[in-house]
1. Determine which single condition N103 fails, assuming it passes every other condition in (1) in contact with a helix residue (DSSP H, G or I) (Cβ under 6 Å, 6 or more places away or on another chain); (2) closer than 27 Å to K183 by Cβ; (3) among the polar types (S, T, N, Q).
2. Identify the single condition in (1) touching a Gly at 6+ places or on another chain (Cβ under 8 Å); (2) small (G, A, S); (3) at pLDDT 90 or above that A112 does not satisfy, given that it satisfies every other one.
3. Residues that are touching a residue at least 40 places away in the same chain (Cβ under 8 Å): find the strands (runs of 3 or more DSSP E) completely inside region 29-79 holding 3 or more of those.
4. Mind checking which residues of region 88-102 are in a helix (DSSP H, G or I) and either within 18 Å of E64 (Cβ to Cβ) or modelled with pLDDT of 95 or more (or both)?
5. Within region 267-307, which residues are under 26 Å from T231 (Cα atoms), in a helix (DSSP H, G or I) and touching a residue at least 24 places away in the same chain (Cβ under 8 Å)?
6. Among (1) more than 12 Å from F70 (Cβ to Cβ); (2) touching a strand residue (DSSP E or B) at 6+ places or on another chain (Cβ under 9 Å), which single condition is E114 missing?
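The values are calculated or read from the model by the stated rules, or taken from the named source; none is laboratory data. It should be emphasised that the depicted structure is a prediction, and the values quoted were computed from it without experimental measurement. Using ideal geometry, Cβ is built from the backbone for each residue, glycine included, and neighbour counts are taken over all protein chains shown.
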Amino acid sequence: MKKIWKKKKLIFPIVLGIIIVIVMFIYVNDYYHSDEHVQEYLNGSEEVSVLEIEDGLYLDGSGEDSALIFYPGAKVEYTAYLSLLYQLADEGIDCFLVKMPCNLAFLGQNKAEEIIDSYDYEHWYLSGHSLGGAMAASYACEHLEGLDGLALLASYPTKSLESDTFAVVSVYGSEDGVLNMDKVKEGRGLMPSDYTEVCIEGGNHALFGDYGKQDGDHDAVISKEEQQEQTVSAILQMTGNHRDQKEEAEMAYQQITQKKAKQIMDRDTDIVILDVRTQEEYDSGHIKDAVCLPNENIISEPDVLPDKAQKILVYCRSGNRSKKAAQKLADMGYENILEFGGILDWPYAEMVE
């Protein structure tokens, strides 16, 4: 009996180990495959070269000083994001599409470090979809000084990304059935002052890539092309690399003194005074007749300011967010932006309510 029991004690862990290996094998091999048409991007073009590197693919476009490293979503074949990144590379941001071990980004969270150490760019950005975005955020929070920004696609951070020199854009679809919006709301408290949130009306979770419908997702009411085009636009706004917008904006906005701002307020009636702080900050005290439009919502709520020729005076708390907001407005085509700093320095107490 003792010998039988000893044999059972040996057999049980072996069988258990075999079962675990089988389950893991099935799990990592059950993933979303790229649509067939993405293969055409592998050949590149005259505008964008697509090169295979040790950690995935390198999309080398016309840009020279800015690059973005992309972490794919969990259990999604990495080439599914080729179309999205090709568009970015074509707009001047070279891209690195990371191939994760077992298609799971948490197994390759530090892949960005290997790439950054191997290439020479002045500006580095991270991005990722779903779990890939969460892992990119986790890496970014430990390397804020060496990065310029982060683009989260249907994702959220779990640690602080607060920094005066770091930008974040969060993009998600209104029909996303996978993303935990409660986590997105919690993540807003971890964001830097230069934070923008973009909700793509009609978009869903899966259309950031080209891999078909995802379990638990809702049906999109816009096309994949529309969702990816809006995503590219949001990322370019964050990086400031949109070629067309940069050409149009050139000298993006005008900075004026607070004395000059008051003179305009006293003299002109056809103006908009824009407070780009949060609603809570606005409610605690704001310049009379000011309209609250938080900096992070400017891109996603353009209808608040329908007239692009309108004279708009922009301020925030200390002058940091107002400059970023003024730049965003100029990049969006607004022609008469006047930025005058922060309410902390506003000397006209009689005009605060």
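1. Going through (1) in contact with a helix residue (DSSP H, G or I) (Cβ under 6 Å, 6 or more places away or on another chain); (2) closer than 27 Å to K183 by Cβ; (3) among the polar types (S, T, N, Q) one by one, N103 breaks only (1).
2. (1)
3. 66-71
4. If the condition is that a residue be in a helix (DSSP H, G or I) and either within 18 Å of E64 (Cβ to Cβ) or modelled with pLDDT of 95 or more (or both), then L88, A89, D90 are the ones that fit.
5. N295, E296, N297, P302
6. (2)
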